[in-house]
Amino acid sequence: MSQNKQTHQNLKRKILIIEDEKDISRIVRDYLLKNGYEAAIADNGADGLQMTKLLQPDFIILDIMLPDLDGIELCRSIRESNEVPILILSARGSDTDKVLGPGFGADDYMTKPFSLSELLARINAHFRRYDRMTSQPTPDDPDVLRLGALVIDKKAYQVTVDGKEAALSAKEFELLYYLASHKNQVFSKTQLLDAIWGYTTYGDENSVTVYMRRIREKIETDPSNPSYLK
């Protein structure tokens, strides 16, 4: 894809940066604008929640430490009505399980200090994956996958189990769809990082473990003895 075409596509996509450190938020915003995205800033949680409703961003970069709202609670509030992908900025690498764990709903995380080029690579990787997932199906790539009581609708980004919807985040859906599309195949965590997140150099394999647990808790009758994801 040419640079001009990529930039044209990026302009359709809005990224909201919820970060109280003004130097960081402005640098990130300017970098995203330079690379063809629309970008807006909220410097506190209350404004971030309001701007999420008004702007309907395609991606959110969320600092876990905000002056008025805890980042975890803000992420949960956003998740109540919006499945927009959320990347968390955290000061500690040990927050992996906390920020990606069940009940939080983040899709990815990075620790501070971070590389702007790495941040952009992760955002681009998400949109590339999303575009592939929502592209027109081919005869070998059906819209709907059915595995017993589990139904995965690619176009709607919807999963049902026994007719009841399982609310999966975008990244959870992509991981489940990828595995369901490759039944009875075994993958390493590194292979899944590359296939779903689009990167391996900076990837944390713990993310895969956390996501697998989250998906099992949403689709399995007994997550400790899974029927679908083994």
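Six or more apart or on different chains, Cβ atoms under 6 Å: show the pairs whose first residue is in segment 156-175 and among the small types (Gly, Ala, Ser) and whose second is open to solvent by less than 30 Å² (accessible area, probe 1.4 Å) and assigned to a strand (DSSP E or B).
So the pair list comes out as Ala166/Val159.
Just to be sure I understand, how many residues within segment 53-90 are modelled with pLDDT of 85 or more and part of a strand (DSSP E or B)?
10
Applying the selection to segment 41-90, what residues are of a type in the set (D, E, K, R) and within 22 Å of Ala125 (Cβ to Cβ)? Outline the logic, then answer.
The first filter runs over segment 41-90 and keeps only residues of a type in the set (D, E, K, R), leaving 43, 47, 53, 58, 63, 68, 70, 73, 76, 79-80, 83.
Listed by number, the residues that qualify are Asp58, Asp63, Arg79, Glu83.
Among the residues of segment 189-198 satisfying the criterion of being closer than 21 Å to Leu120 by Cα and surrounded by 15 or more Cβ atoms within 10 Å (Cβ to Cβ), which is modelled with the highest pLDDT?
Out of the qualifying residues, it is Leu192.
Kindly evaluate Ala46 against the criterion of being farther than 28 Å from Lys155 by Cα, touching a helix residue (DSSP H, G or I) at 6+ places or on another chain (Cβ under 6 Å) and modelled with pLDDT of 80 or more. Spell out the reasoning first.
Values: farther than 28 Å from Lys155 by Cα: yes; touching a helix residue (DSSP H, G or I) at 6+ places or on another chain (Cβ under 6 Å): no; modelled with pLDDT of 80 or more: yes.
Judged against the criteria, Ala46 is not a match.
Report whether or not Leu229 is part of a loop (DSSP other than H, G, I, E, B), modelled with pLDDT of 85 or more and under 30 Å from Lys112 (Cβ atoms). Steps first, answer last, please.
On the way: part of a loop (DSSP other than H, G, I, E, B): yes; modelled with pLDDT of 85 or more: yes; under 30 Å from Lys112 (Cβ atoms): no.
When the stated conditions are applied, Leu229 does not pass them.
Go through segment 210-225 and give me each residue that's outside any helix (DSSP H, G or I) and either open to solvent by 30 Å² or more (accessible area, probe 1.4 Å) or of a type in the set (Val, Ile, Thr) (or both). If you could, list the steps in order and put the result at the bottom.
Of segment 210-225, the ones outside any helix (DSSP H, G or I) are 220-225.
Hits for segment 210-225 are Thr221, Asp222, Pro223, Ser224, Asn225.
Six or more apart or on different chains, Cβ under 6 Å: which pairs go from a residue in segment 37-66 that's closer than 17 Å to Glu83 by Cβ to one that's among the polar types (S, T, N, Q)? Could you list them?
Leu49/Ser77
Report, by residue number, each residue of segment 156-188 that is more than 17 Å from the chain's Cα centre (by Cα) and not in a strand (DSSP E or B). Before the answer, list the steps.
Within segment 156-188, the first condition is being more than 17 Å from the chain's Cα centre (by Cα), and the residues that meet it are 160-165, 180-188.
Hits for segment 156-188 are Asp162, Gly163, Ala180, Ser181, His182, Lys183, Asn184, Gln185, Val186, Phe187, Ser188.
The values are calculated or read from the model by the stated rules, or taken from the named source; none is laboratory data. Since this is a predicted model, take the numbers as computed values, not measurements. So basically every Cβ, Gly included, is an ideal-geometry build from the backbone, and we count neighbours across all protein chains shown. Calculation scope for accessible area: heavy atoms of the full protein, side chains included, ligands and nucleic acids excluded. Shrake-Rupley method; radii C 1.70, N 1.55, O 1.52, S 1.80 Å.
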